[in-house]
C-alpha cells in the first residue's frame, strides 16, 4: 500500500511516524488482493479554526483509495495526536469491514439465485 502523510501545523516526529505506520499497516488485511494498488492518504495536525487548545485540538484524517471501488474516508479530533490516529483507524476499519461483508453477501445471494435458476429454469 502506498502511504502518503501530510503534517499540518506541526513537525512529524519519528515516534509519531512509527506509531502511524503500525496502525495503517493493520488496515492492509481488509483490502485483500487490492492492497498492492491501494493508496492511503493520511493528514495529521492541529485543528484549524475553532479552538486551538483544549480537549479536541489534534485531528487525524485517513482516505483509502482503491481503483474500481469507492473511497473510504474518516476524520476525527482528539486531545492527543495518537488518540486521534487510533480513533480514525477504528472508523476506517469499521467501514472496510462493512464493505467486505456487503460484497460477500451480494456474492452469496447471486450464487443462490443462479443455482435456483439452473435447478428450476430447465
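Values in this text are rule-based calculations from the coordinates and carry no lab data. Because the structure is a prediction, the values reported are computed rather than measured. Ideal geometry is used to build each Cβ from the backbone, glycine not excepted, and the neighbour counts take in all protein chains shown.
Modelled spin labels at residue 90 and residue 117, positioned 7 Å past Cα toward Cβ, are 4.3 nm from each other. Between residue 5 and residue 36, residue separation times 0.36 nm minus the direct Cα-Cα distance comes to 9.4 nm. Annotation for the stretch 6-46 versus the stretch 54-115: alpha-carbon center distance of 13 Å.
Tell me, what does the Kirkwood hydrodynamic radius of the chain come to in angstroms if you use every pair of distinct C-alpha atoms? Don't skip to the end; give the middle numbers.
Values: mean 1/r = 0.0616 Å⁻¹.
That comes to 16.2 Å for the chain.
A Förster radius of 25 Å combined with the Cβ-Cβ distance from residue 65 to residue 18 puts the calculated FRET efficiency at roughly 0.60. Secondary-structure-derived ellipticity at 222 nm for the chain, considering helices only, amounts to -15500 deg cm²/dmol, per-run term -39500 (n - 2.57) for DSSP H runs with n ≥ 4.
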